[in-house]
Each structure stands twice: as structure tokens, then as C-alpha cells.
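The values are calculated or read from the model by the stated rules, or taken from the named source; none is laboratory data. Small disclaimer: the values here were computed from a predicted structure and weren't measured. Cβ placement follows ideal geometry from the backbone for every residue including glycine, while neighbour counts extend to all protein chains displayed. Note: accessible area is taken over every heavy atom of the protein model, side chains too, but ligands, DNA and RNA are not part of it. Shrake-Rupley method; radii C 1.70, N 1.55, O 1.52, S 1.80 Å.
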Amino acid sequence: MYMDAIIAGFGGQGVMLIGNLLAYAGMHHGLEVTYIPVYGPEMRGGTANCTVVLSDEPIGSPIIHTPQSLIIMNGPSLTKFAPRLVDGGILVLNTSLVPEETADASRVRVIGVPANAIADGIGNTRMANMVALGAYVAATGVVPLDVVEASLSSVISSHYSHLIPKNVEALRAGAACVKR
């Protein structure tokens with residue numbers, strides 16, 4: 001098994017957090033993992049991204065030129081990364097901010113998820129990232145959702161542990177959006 005992903009959006013949308021969470025879930029599931037956050041002037045408000053590679057064999061390189069999958073949280077990230085997605089790849093798209101028809105559904109599998117709207121319904125727009133990750137996990141099957149849920153305590157400090165149940169709710173709501 002091998003799966004790689006680029007996760008991208010505006011700085012402040014939590015793309016680094018869900019990339020880190022996916023990496024921890026992979027480790028907890030017994031997989032080899034790489035995680036590379038891209039920091040810089042793009043942090044709050046600009047575009048930010050990270051890469052995650054999960055494999056049951058040693059990973060030769062953490063660099064992803066043509067990703068198998070993307071989690072895209074905003075329009076500029078779709079423009080930047082969608083052309084690099086392999087044909088037949090999986091694109092989880094936040095349709096609260098990016099119209100689904102802007103993605104090339106003839107070339108890749110588009111999973112449109114109104115992540116912000118779902119997160120608003122849960123009571124916290126900032127959990128749109130968790131909604132998108134839940135959809136990604138359901139669409140790819142790369143790790144079980146319950147492993148991702150159990151890994152939340154690895155990336156959310158104990159000071160904010162009271163938010164874990166809402167994050168679990170957001171992950172599950174995103175997973176429920178994916179048609180099997």
C-alpha cells in the first residue's frame with residue numbers, strides 16, 4: 001500500500017494540523033510515514049500546504065511531484081495543485097469556497113464536500129479542515145477513521161482536549177459525505 005497527498009488551503013485553515021493528524025494516524029496504524037509542512041510568508045491568509053506519504057514499505061522520498069490525492073480547501077490551491085494530480089487521482093474539494101465544477105471531473109475523482117457549511121452546522125467553522133479530512137479518509141481508505149479519531153490527542157494539546165469530541169463529530173460528518 002502506498003498513498004501520498006498534498007493538503008493545501010489558506011494559512012489559518014488548519015491544513016498543517018490535518019496533515020500532521022493524518023501522519024500520526026498512519027504511524028498509529030503501523031505504516032511508514034513522511035510529513036512535510038511548507039511554512040513561509042504564505043502562513044496566515046496566503047496559501048499554505050503540506051505533503052503526507054503513507055506506505056507499508058520504507059518511503060524512498062518524501063517529495064511528491066505528481067500526487068495521488070489532494071485535499072483542497074481554497075481556489076488558489078486548486079489552481080496550483082490540481083494540474084499535478086495524477087489521472088484518476090482523488091481530489092477532496094471544499095465546495096463551500098470552490099465551486100465543484102471548477103475541478104476536472106473527467107480526469108480525476110472529485111469528492112465535493114461543503115466543509116465550511118458542515119463545520120458551521122457543528123458549531124465551529126474552524127473545523128472545516130476536519131470535515132475535509134474525514135471525507136478524504138472515507139474516500140481513500142488509507143487508514144480507518146477510528147484510528148484518525150484516536151490520534152487526535154497526538155496533535156491537539158491537552159489544554160484543548162475539550163475540543164476533541166467536536167473534532168470527532170466533524171471527521172464523521174465529512175466521512176458521511178462520501179458516496180461509496
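Hey, which of the strands (runs of 3 or more DSSP E) in the range 1-105, taking only ones fully inside, have at least 2 residues that are open to solvent by less than 30 Å² (accessible area, probe 1.4 Å) and touching a strand residue (DSSP E or B) at 6+ places or on another chain (Cβ under 8 Å)?
2-10, 47-55, 69-72, 90-94
Sort out which residues of the range 123-160 are part of a helix (DSSP H, G or I), free of Cβ contacts under 8 Å to residues at least 24 places away in the same chain and of a type in the set (Gly, Ala, Ser), and write them in order of number.
153, 158
Within the set of pairs 6+ apart or on separate chains, which have a first residue in the range 11-33 that is free of Cβ contacts under 8 Å to residues at least 60 places away in the same chain and among the acidic types (Asp, Glu), a second that is open to solvent by 10 Å² or more (accessible area, probe 1.4 Å) and outside any helix (DSSP H, G or I), and C-beta atoms under 9 Å apart?
Matching pairs, first to second residue: 32/56; 32/57; 32/58; 32/59.
Output the number of the condition that residue 163 fails; it satisfies all remaining conditions of (1) part of a helix (DSSP H, G or I); (2) aliphatic (A, V, I, L, M); (3) touching a residue at least 40 places away in the same chain (Cβ under 8 Å).
(3)
Looking at the structure I just gave you, is residue 125 under 14 Å from the mean Cα position of the chain (by Cα), hydroxyl-bearing (Ser, Thr, Tyr) and surrounded by fewer than 24 Cβ atoms within 10 Å (Cβ to Cβ)?
Considered against the rule, which asks whether it is under 14 Å from the mean Cα position of the chain (by Cα), hydroxyl-bearing (Ser, Thr, Tyr) and surrounded by fewer than 24 Cβ atoms within 10 Å (Cβ to Cβ), residue 125 comes out as no.
So residue 139 fits all but one of (1) among the hydrophobic types (A, V, I, L, M, F, W, C); (2) under 23 Å from residue 10 (Cα atoms); (3) more than 14 Å from the chain's Cα centre (by Cα); what number is the exception?
It fails just one condition, (3).
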